[in-house]
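Chemist: Dropping the structure in here first, questions after.
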Amino acid sequence: MRVKALFIRILRQIIRDKRTMALLIFAPILILTMLHLVFNGDDYVPKVGLVDIPEALEEQLHLDDADITKYTDEGTAKTDIEEKTIDGYIVFDKNVPSIVLEGSDPNVNGATMRWIQEAFKPLQPAGTASDLDIEYVHGSDEMGQFDYFGPVLLGFFIFFFVFLIAGVSFLRERTTGTLERLLSSPLRKWEIVVGYIVGFGIFTVIQSTIIVSFAIYVLGMLMEGAFIYVLLITLALSFTALTLGTLLSAFANNELQMIQFIPIVIVPQIFFSGLFNLETISEWLNWIGPFTPLYYAADALRNVMVRGAGWDEIYLNLLVLIGFSVFFVILNILALRKYRKI
Amino acid sequence: MSSHESIISIRNVSKAFGKQEVLKDISLDINKGEIFGLLGPSGAGKTTLVKMLIGLEIPNRGENFLFHEKMPSLKLIERVGYMAQSDALYGELTAKENLEFFGSLFGLKGKGLQARIHEVMEIVQLTEHLNKAVHNYSGGMKRRLSLAIALLHEPELLILDEPTVGIDPVLRKSIWDAFYELNAKGTTIIVTTHVMGEAEKCHRLALLRDGGLIAVGTPDELKENTNSSSIEEAFLVYGGVNA
């Protein structure tokens with residue numbers, strides 16, 4: 001069978017090219033690990049100064065989880081802020097606290113303010129907002145930013161690397177003349193495209209299994225749904241990436257021109273993938289979202305991994321991804337007509 | 001040697017890429033069982049002409065017939081072995097894997113495929129390098145492997161675009177010996193070349209210049225008609241340079 005010969009050849013090429021194989025599997029793992037460490041690292045411990053604090057008050061406050069420095073006059077505290085030894089201080093003027101923050105880093109500001117609110121909780125009358133029990137429909141208060149980003153990034157890396165590798169290998173097929181040789185054999189044009197899809201499909205299943213397992217079992221990414229759905233989504237997404245990559249390689253004359261598609265085709269997809277809240281993207285831009293494959297994959301991945309969704313909630317997204325792939329496959333076959341009309 | 005039964009018929013074929021005319025009204029018949037040479041400088045349109053015969057280009061005007069059927073046709077492709085100017089090999093794979101891949105595209109498999117692989121590698125004298133990765137091959141070796149692939153499915157018609165470029169004289173002779181041997185078994189061979197000396201080895205020649213066919217005949221006929229001692233001189237006369 002000709003398609004079988006083609007996908008066996010593609011798999012052999014990938015296996016021979018150790019560096020590319022490493023890129024496809026270890027680069028996403030490396031980046032996910034780094035992101036995990038960046039976003040799920042230890043909580044920031046704010047450094048807070050207390051100026052002229054009455055002893056009676058101090059005993060009532062929760063002063064854990066922060067580096068406390070006590071000052072007797074506001075001037076020294078101010079100097080320390082300038083030298084960045086503290087993030088902010090609280091002045092007690094006749095038992096009324098006022099807060100001064102260093103203020104240049106929003107993350108530090110947030111952490112400091114949250115700590116101050118916690119610290120002053122005992123002073124507030126019982127039954128106010130801060131005492132409310134919070135219930136989570138999905139996720140939990142344990143859920144870190146990484147758990148929310150994770151599914152999107154997982155999809156993104158698979159899309160990015162498959163797009164690049166498939167695009168470049170199809171480009172090489174054109175530039176080395178092997179494509180011409182394929183077309184001077186009885187191989188049908190659709191068989192070339194299908195051979196590529198099957199070859200890279202097999203590899204992507206292995207790639208996704210390794211990356212997704214690593215993210216879930218080693219990095220402890222939140223995983224509420226079924227593993228098989230995650231695989232299905234990444235597989236459908238990689239078909240889209242593959243068919244788009246091979247299609248765009250028709251418009252590139254060399255590897256560098258293939259790389260030039262990254263800022264145009266790949267990077268913008270991140271903005272619409274749900275990494276940023278779509279509702280806050282300006283209106284004259286956010287209509288692009290539904291035209292990007294990553295939008296559907298990221299939505300489905302997040303539904304499965306964070307919200308534990310099943311088949312009913314993801315099949316529409318899968319259908320759209322397969323629709324994209326079919327559309328690109330047809331365009332690929334048309335693009336091959338440039339080389340052989342039949 | 002040639003039975004005068006036409007195997008290829010090129011009828012009033014013209015081809016232009018944009019405004020640039022590459023082939024101008026070419027009509028040519030190639031007979032079954034001959035070694036036919038397309039001789040001309042680079043840019044004369046040789047490659048475009050052979051690509052049309054294999055179906056990779058479509059003429060703007062005129063028609064091409066292979067085995068009395070109009071090209072392009074997928075059915076006819078199986079009966080032709082084509083070797084392009086570029087080597088078109090997968091460098092990461094071994095010679096054997098390249099041969100296995102292209103062989104199976106033509107429906108060869110199992111023991112038959114392995115037997116053919118050994119036969120063609122014997123012809124191009126690469127048997128000992130069968131399991132070497134192609135990116136370790138020299139230019140000449142790649143050229144020979146590329147030829148081996150074109151021979152793999154025992155085509156009735158071989159179309160070879162500059163088959164001996166970059167191959168040393170000793171090896172070139174052995175490759176031509178292989179051509180004569182295949183030809184003796186009935187294979188029709190079309191060779192393009194810009195080397196005048198190599199043209200003498202063909203049974204019949206077509207001289208191409210600037211997309212036009214300037215003469216067709218056996219090497220001896222071409223020389224006699226122009227009172228030349230070499231094909232090179234004959235080419236100049238037909239080209240109107242020396243007239």
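The values are calculated or read from the model by the stated rules, or taken from the named source; none is laboratory data. Since the model is a prediction, treat every value here as computed from it, not as a measurement. All Cβ positions, glycine included, derive from the backbone under ideal geometry; neighbour counts span all protein chains shown. What goes into the accessible areas is simple: the full protein's heavy atoms, side chains included, and nothing from ligands, DNA or RNA. Shrake-Rupley method; radii C 1.70, N 1.55, O 1.52, S 1.80 Å.
Chemist: Run A:Phe156 past the list (1) open to solvent by less than 10 Å² (accessible area, probe 1.4 Å); (2) touching a Ser or Thr at 6+ places or on another chain (Cβ under 7 Å) and report the number of the one that doesn't hold.
Modeler: The one condition A:Phe156 does not meet is (1).
Chemist: I'm trying to understand the selection: among the residues of segment A:242-253, which are surrounded by 13 or more Cβ atoms within 10 Å (Cβ to Cβ) and of a type outside the set (A, V, I, L, M, F, W, C)? Can you show your working first?
Modeler: If we filter segment A:242-253 for residues that are surrounded by 13 or more Cβ atoms within 10 Å (Cβ to Cβ), which is where we start, we get A:242-250, A:252.
Those that are surrounded by 13 or more Cβ atoms within 10 Å (Cβ to Cβ) and of a type outside the set (A, V, I, L, M, F, W, C): A:Thr243, A:Gly245, A:Thr246, A:Ser249.
Chemist: Name the residue that is most open to solvent (accessible area, probe 1.4 Å), counting only residues in segment B:72-86 that are among the charged types (D, E, K, R) and more than 7 Å from chain A (Cβ to nearest Cβ).
Modeler: Across segment B:72-86, the extreme among qualifying residues is B:Lys75.
Chemist: Let me ask something additional. Among the residues of segment A:204-219, are any more than 14 Å from every other protein chain (Cβ to nearest Cβ), closer than 27 Å to B:Leu105 by Cα and open to solvent by 10 Å² or more (accessible area, probe 1.4 Å)? Talk me through it step by step, then tell me what you get.
Modeler: Of all residues in segment A:204-219, those more than 14 Å from every other protein chain (Cβ to nearest Cβ) come to A:204-219.
Pick out the ones that are also closer than 27 Å to B:Leu105 by Cα and you get A:204-206.
Still in the list and also open to solvent by 10 Å² or more (accessible area, probe 1.4 Å): A:205-206.
Yes, because at least one residue in segment A:204-219 is more than 14 Å from every other protein chain (Cβ to nearest Cβ), closer than 27 Å to B:Leu105 by Cα and open to solvent by 10 Å² or more (accessible area, probe 1.4 Å).
Chemist: Is it the case that some residue within segment B:204-212 is out of contact with any Leu (no Cβ under 8 Å at 6 or more places or on another chain), charged (D, E, K, R), open to solvent by less than 10 Å² (accessible area, probe 1.4 Å) and in the same structural domain as B:Glu5 (by TED's automatic domain parsing)?
Modeler: Looking for residues that are out of contact with any Leu (no Cβ under 8 Å at 6 or more places or on another chain), charged (D, E, K, R), open to solvent by less than 10 Å² (accessible area, probe 1.4 Å) and in the same structural domain as B:Glu5 (by TED's automatic domain parsing), one finds none in segment B:204-212, hence no.
Chemist: Take the residues in segment B:102-126 that are facing chain A (nearest Cβ under 10 Å) and not in a loop (DSSP other than H, G, I, E, B); name whichever of them is nearest to B:Tyr90 (Cα to Cα).
Modeler: By that ranking, first place goes to B:Phe102.
Chemist: Which numbered condition trips up B:Thr47, out of (1) buried (at least 23 other Cβ atoms within 10 Å of the Cβ); (2) of a type in the set (Ser, Thr, Tyr); (3) more than 10 Å from chain A (Cβ to nearest Cβ)?
Modeler: Answer for B:Thr47: the failing condition is (1).
Chemist: How many residues does segment B:50-71 contain that are assigned to a loop (DSSP other than H, G, I, E, B), within 14 Å of another protein chain (Cβ to nearest Cβ) and not acidic (Asp, Glu)?
Modeler: Final tally of qualifying residues: 6.
Chemist: Please verify whether segment B:127-140 includes one or more residues that are open to solvent by 10 Å² or more (accessible area, probe 1.4 Å) and either touching a residue at least 60 places away in the same chain (Cβ under 8 Å) or at the interface with another protein chain (Cβ under 10 Å from one of its Cβ atoms) (or both).
Modeler: Of the residues in segment B:127-140, the ones open to solvent by 10 Å² or more (accessible area, probe 1.4 Å) are B:127-133, B:135-140.
When the remaining residues are screened for being either touching a residue at least 60 places away in the same chain (Cβ under 8 Å) or at the interface with another protein chain (Cβ under 10 Å from one of its Cβ atoms) (or both), the result is B:133, B:135.
Yes.
Chemist: Here's a follow-up. Which ones in segment A:169-203 are open to solvent by 40 Å² or more (accessible area, probe 1.4 Å), more than 17 Å from B:Pro72 (Cα to Cα) and at the interface with another protein chain (Cβ under 10 Å from one of its Cβ atoms)?
Modeler: A:Arg172, A:Thr175, A:Thr176
Chemist: I need every pair where a residue in segment A:81-101 that is over 15 Å from A:Glu58 (Cα atoms) has its Cβ under 8 Å from the Cβ of a residue that is part of a strand (DSSP E or B) and open to solvent by 70 Å² or more (accessible area, probe 1.4 Å), sequence separation at least 6 or different chains.
Modeler: Final answer for the pair search is A:Ile86/A:Asp67; A:Gly88/A:Ile99.
Chemist: How many residues does segment A:101-121 hold that are open to solvent by 60 Å² or more (accessible area, probe 1.4 Å) and of a type in the set (Phe, Trp, Tyr)?
Modeler: 0
Chemist: It is to be established whether one or more residues within segment B:144-154 are open to solvent by less than 50 Å² (accessible area, probe 1.4 Å), over 25 Å from A:Val3 (Cα atoms) and either away from chain A (no Cβ under 12 Å) or within 16 Å of the chain's Cα centre (by Cα) (or both). Walk me through how you get there before you give the answer.
Modeler: Applying the first criterion (open to solvent by less than 50 Å² (accessible area, probe 1.4 Å)) to segment B:144-154 yields B:144-153.
Those left that are additionally over 25 Å from A:Val3 (Cα atoms): B:144.
Checking which are either away from chain A (no Cβ under 12 Å) or within 16 Å of the chain's Cα centre (by Cα) (or both) leaves us with B:144.
Yes; the residues of segment B:144-154 include at least one that is open to solvent by less than 50 Å² (accessible area, probe 1.4 Å), over 25 Å from A:Val3 (Cα atoms) and either away from chain A (no Cβ under 12 Å) or within 16 Å of the chain's Cα centre (by Cα) (or both).
Chemist: With the checklist (1) open to solvent by less than 20 Å² (accessible area, probe 1.4 Å); (2) out of contact with any Pro (no Cβ under 6 Å at 6 or more places or on another chain) in hand, flag the one item A:Phe239 doesn't pass.
Modeler: Checking A:Phe239 against (1) open to solvent by less than 20 Å² (accessible area, probe 1.4 Å); (2) out of contact with any Pro (no Cβ under 6 Å at 6 or more places or on another chain), the one that fails is (1).
Chemist: Turning to a different aspect of this structure: A:Phe39: under 30 Å from B:Phe106 (Cβ atoms), open to solvent by 40 Å² or more (accessible area, probe 1.4 Å) and touching a residue at least 40 places away in the same chain (Cβ under 8 Å), yes or no?
Modeler: Values: under 30 Å from B:Phe106 (Cβ atoms): no; open to solvent by 40 Å² or more (accessible area, probe 1.4 Å): yes; touching a residue at least 40 places away in the same chain (Cβ under 8 Å): yes.
The answer is no for A:Phe39.
Chemist: So, restricting to strands (runs of 3 or more DSSP E) that lie completely within segment A:1-107, which ones have at least 2 residues that are in contact with a Ser or Thr (Cβ under 8 Å, 6 or more places away or on another chain) and more than 14 Å from chain B (Cβ to nearest Cβ)? Break it down into steps so the answer makes sense when it comes.
Modeler: Working: elements: A:47-51, A:67-71, A:88-93, A:96-101.
Here the list reads A:47-51, A:88-93.
Chemist: B:Ser42: in a loop (DSSP other than H, G, I, E, B) and more than 7 Å from every other protein chain (Cβ to nearest Cβ), yes or no? Before the answer, list the steps.
Modeler: Working: in a loop (DSSP other than H, G, I, E, B): yes; more than 7 Å from every other protein chain (Cβ to nearest Cβ): yes.
Yes: the conditions hold for B:Ser42.
Chemist: Every residue in segment B:1-29 that is at pLDDT 90 or above, out of contact with any helix residue (DSSP H, G or I) (no Cβ under 9 Å at 6 or more places or on another chain) and closer than 27 Å to B:Lys75 by Cβ, please.
Modeler: Scanning segment B:1-29 gives B:Ser9, B:Arg11, B:Asn12, B:Ser14, B:Ser27, B:Asp29.
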